[in-house]
Amino acid sequence: MRVPIVELKSQYLAYQADLDGAIREVLEASRFILGPQGEAFEREFAEYCGARHAVGVGSGTEALHLALLACGVGPGDEVITVPNTAVPTVCAIDSTGATPVFADIDPVTFTLDSAELKRRLTPRTKAIVPVHLYGQPAEMEPVRDFARRHGLRVVDDAAQAHGAEYRGRRVGILADATAWSFYPSKNLGAYGDAGAVTTDDPELARRLEMLRNYGEERRHYHSIRGFNSRLDEIQAAILRVKLRHLEAWNDRRRAIAARYRQAIHHAAVRLPAEAPSARHVFHLYVVRTRHRDALREHLLAREIGSQIHYPLPIYRQEAYAHLGVPAGDCPEAERAAAEVLSLPLYPELTDAQVDAVAAAVNEF
Ligand SMILES: Cc1ncc(COP(=O)(O)O)c(C=O)c1O
């Protein structure tokens, strides 16, 4: 049975009338940038997260970049994050002019090990960017305590964690600001690039609204240096339709993860763990094995797609060689990079497909 690693068309077909209608409404209104759809989505998404404000922006990378700028991060500062994340986390830090500093991860949850923060702190540290990787919230309480003690800002990267919870509270209100991506394959995905920042801080929200729109304070008056990074009306209208289904889709993702847990039994394959503090939303279902490349080949031969998120700690990417981070600096992240493999997991998978993936892994 063929099981691709991602497949977006069946979701579109299932909600086609609503999605087409939403797009047509924007075309008929012919208001494309900073209009009623964007405002309504910001209201609805803020409410979903339990945050006071949401500010739509052009992408998840821009959400991080602008949130860090709004928090006052800039050249000469250091920002602590993890090396096992999507490269855009670090692109965003880099774009502010600050220097990314890498802290190692907890090998069970793949998220920031807060015990590392002390070791990475310098007088230049300005902010921390924990990443809720694969859909599992990072352990935020010790991160926030550490930030409070040292006067640091926290901007969490929630690109993979729409609807995830930490100690009973939704991601989106756990830091000074939370950055979201609505890249098409995310748990809540647009049909193009899109992103948002949620925050409870009205000052931060106001700065973000200016930063995304050329630094404009009122029409044609620009009080800060800004960018062009807005969530457009078509994407906002699509996201409004999809937001109504996010909870059901996350429940289905969790049900598939539970099915994998019951069905996969292999001495050499470790299944993902859900931390006691977390409601994991399984953006990705990531197993670990020392025989990762062989398992990937084995699945491919059975027409089962898989992916490696991510094959290199970011400090070992060519683009970041100039940071001079020595190999082995974050040993847990390096081990994870060599062992992780993402299996197919999206709400539209059938139980038969899930069982076929599990059987193929068991056969390995
Ligand atoms: C963890 C993480 N951070 C940031 C991003 C960047 O989001 P975008 O592609 O919307 O810029 C992504 C996704 O691509 C991501 O997975």
Go through segment 116-134 and give me each residue that's of a type outside the set (D, E, K, R) and out of contact with any Pro (no Cβ under 9 Å at 6 or more places or on another chain). Leu121, Thr122, Pro123, Thr125, Ala127, Ile128, Val131, His132, Leu133
When segment 301-320 is examined, which residues are found to be hydrophobic (A, V, I, L, M, F, W, C) and either part of a loop (DSSP other than H, G, I, E, B) or buried (at least 19 other Cβ atoms within 10 Å of the Cβ) (or both)? Ile304, Ile308, Leu312, Ile314
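Picking from Ala275, Ala196, Ala205, Ala255, which residue would you name as being surrounded by fewer than 16 Cβ atoms within 10 Å (Cβ to Cβ) and either modelled with pLDDT of 95 or more or in a helix (DSSP H, G or I) (or both)? Please lay out each step first, then the result.
Values: Ala275 fails: surrounded by fewer than 16 Cβ atoms within 10 Å (Cβ to Cβ); Ala196 fails: surrounded by fewer than 16 Cβ atoms within 10 Å (Cβ to Cβ); Ala205 fails: surrounded by fewer than 16 Cβ atoms within 10 Å (Cβ to Cβ).
Result: Ala255 is the single residue among Ala275, Ala196, Ala205, Ala255 that is surrounded by fewer than 16 Cβ atoms within 10 Å (Cβ to Cβ) and either modelled with pLDDT of 95 or more or in a helix (DSSP H, G or I) (or both).
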It is to be established whether one or more residues within segment 35-55 are within 20 Å of the chain's Cα centre (by Cα), closer than 30 Å to Leu299 by Cβ and not aromatic (Phe, Trp, Tyr). no
So, Arg288, is that one in contact with a Lys or Arg (Cβ under 8 Å, 6 or more places away or on another chain) and surrounded by 15 or more Cβ atoms within 10 Å (Cβ to Cβ) or not? yes
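Can you tell me how many residues within segment 70-124 are away from the ligand (no atom under 15 Å from the Cβ) and either modelled with pLDDT under 95 or not basic (Lys, Arg) (or both)? Please lay out each step first, then the result.
Taking segment 70-124 first, the residues away from the ligand (no atom under 15 Å from the Cβ) are 70-78, 80, 97-99, 101, 103-104, 106-108, 113-124.
When the remaining residues are screened for being either modelled with pLDDT under 95 or not basic (Lys, Arg) (or both), the result is 70-78, 80, 97-99, 101, 103-104, 106-108, 113-117, 121-123.
Selection size over segment 70-124: 27.
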What are the pairs, 6+ residues apart or on separate chains, where a residue within segment 133-144 that is under 20 Å from Gly60 (Cβ atoms) has its Cβ under 7 Å from a residue that is away from the ligand (no atom under 12 Å from the Cβ) and aromatic (Phe, Trp, Tyr)? Gly135/Phe282; Pro137/Tyr166; Met140/Tyr166
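Residue check: is Arg219 away from the ligand (no atom under 12 Å from the Cβ), among the charged types (D, E, K, R) and more than 24 Å from Leu345 (Cβ to Cβ)?
On the way: away from the ligand (no atom under 12 Å from the Cβ): yes; among the charged types (D, E, K, R): yes; more than 24 Å from Leu345 (Cβ to Cβ): yes.
Against the criterion (away from the ligand (no atom under 12 Å from the Cβ), among the charged types (D, E, K, R) and more than 24 Å from Leu345 (Cβ to Cβ)), Arg219 qualifies.
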Those residues of segment 167-195 which are in contact (Cβ under 8 Å) with a residue 60 or more places away in the chain and within 10 Å of the ligand (Cβ to nearest atom) amount to Ala179, Trp180, Ser181, Phe182, Tyr183, Pro184, Ser185, Lys186, Gly189, Asp193, Ala194, Gly195
Is there a residue in segment 40-51 that is in contact (Cβ under 8 Å) with a residue 12 or more places away in the chain, surrounded by 15 or more Cβ atoms within 10 Å (Cβ to Cβ) and within 16 Å of the ligand (Cβ to nearest atom)? yes
What are the residue pairs meeting all of these: first residue in segment 269-285, first residue basic (Lys, Arg), second residue assigned to a loop (DSSP other than H, G, I, E, B) and modelled with pLDDT of 95 or more, Cβ atoms under 6 Å, and 6 or more apart or on different chains? Arg279/Ala164
Check Ala161 against each of (1) more than 14 Å from the ligand (Cβ to nearest atom); (2) under 30 Å from His245 (Cβ atoms) and name the one condition it does not meet. (1)
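Those residues that are touching a strand residue (DSSP E or B) at 6+ places or on another chain (Cβ under 6 Å) and either in a helix (DSSP H, G or I) or crowded, with 20+ Cβ neighbours inside 10 Å (or both), I need them from segment 85-99; list them, please.
Thr85, Thr89, Val90, Ile93, Ala98
The values are calculated or read from the model by the stated rules, or taken from the named source; none is laboratory data. Just so we're clear, the structure is a prediction, and the values are computed from it rather than from any experiment. Cβ sites come from the backbone with ideal geometry, for glycine too, and all protein chains shown count toward neighbours.
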